[in-house]
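The values are calculated or read from the model by the stated rules, or taken from the named source; none is laboratory data. Computed from a predicted structure; not experimentally measured. Here the Cβ is made from the backbone with ideal geometry for all residues, glycine too, and neighbour counts use every protein chain on show. Heads up: the accessible areas ignore ligands, DNA and RNA and are worked out on the full protein's heavy atoms, side chains in. Shrake-Rupley method; radii C 1.70, N 1.55, O 1.52, S 1.80 Å.
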Amino acid sequence: QAQLVESGGGLVQAGGSLRLSCAASGRTFRTYTMGWFRQAPGKEREFVAAMTWNSGSTIYADSVEGRFTISRDNAKNTVDLQMNSLKPEDTAVYYCAATPLRSSRTRSSYNYWGQGTQVTVSS
């Protein structure tokens with residue numbers, strides 16, 4: 001059974017950094033686009049970043065461009081999200097996801113999801 005498991009969330013002060021990691025198991029996601037989404041309390045789940053299977057293309061939400069970096073290791077079946085210069089508005093549950101489509105920002109195109117990890121940024 002395919003599974004995505006996030007880790008690395010926590011509490012950090014504004015301006016700080018966190019690195020999230022997502023470990024995939026149960027199948028290979030080597031040919032999938034891997035993405036990160038987030039959901040703040042009372043808000044819709046929103047796209048954060050995605051990387052194609054061969055790491056040839058990355059896309060970011062405007063709100064995190066220049067601060068967050070997505071990376072992946074296909075040999076280890078992992079995808080990471082390095083988050084720098086964190087802001088209180090980055091507070092959310094962060095989800096790892098996978099889609100067979102190329103570079104999608106659309107939540108509905110992702111058919112594998114992790115359980116999420118909480119990121120809290122204090123001001």
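Remarks
- Across the protein chains, with a 1.4 Å probe defining accessible surface, the residues 80, 73, 62 rank 62, 73, 80 from largest area downward.
- Along region 115-123 the Karplus relation, 6.51 cos²θ - 1.76 cosθ + 1.60 evaluated at θ = phi - 60°, assigns HN-Hα couplings of 8, x, 9, 7, 10, 10, 10, 8, 8 Hz to successive residues, with x for each Gly and Pro.
- Under 5 Å between amide hydrogens, built in the peptide plane, is the criterion, and for residue 87 it picks out 15 among residues at least 5 positions away or on other chains.
- For region 49-56, backbone phi angles converted through the Karplus equation (6.51, -1.76, 1.60; θ = phi - 60°) give residue-by-residue couplings of 7, 8, 9, 5, 4, 9, 6, x Hz, Gly and Pro being listed as x.
- GNM flexibility winner over the chain from 42, 15, 66 (Cα, springs under 10 Å): 42
- Longest DSSP-loop-exposure-free segment, GluC sites (Glu not before Pro), the chain, at most 13 other Cβ within 10 Å: 66-123
- For residue 68, the residues whose modelled amide H falls within less than 5 Å of its own, excluding neighbours fewer than 5 places apart on the same chain, are 84.
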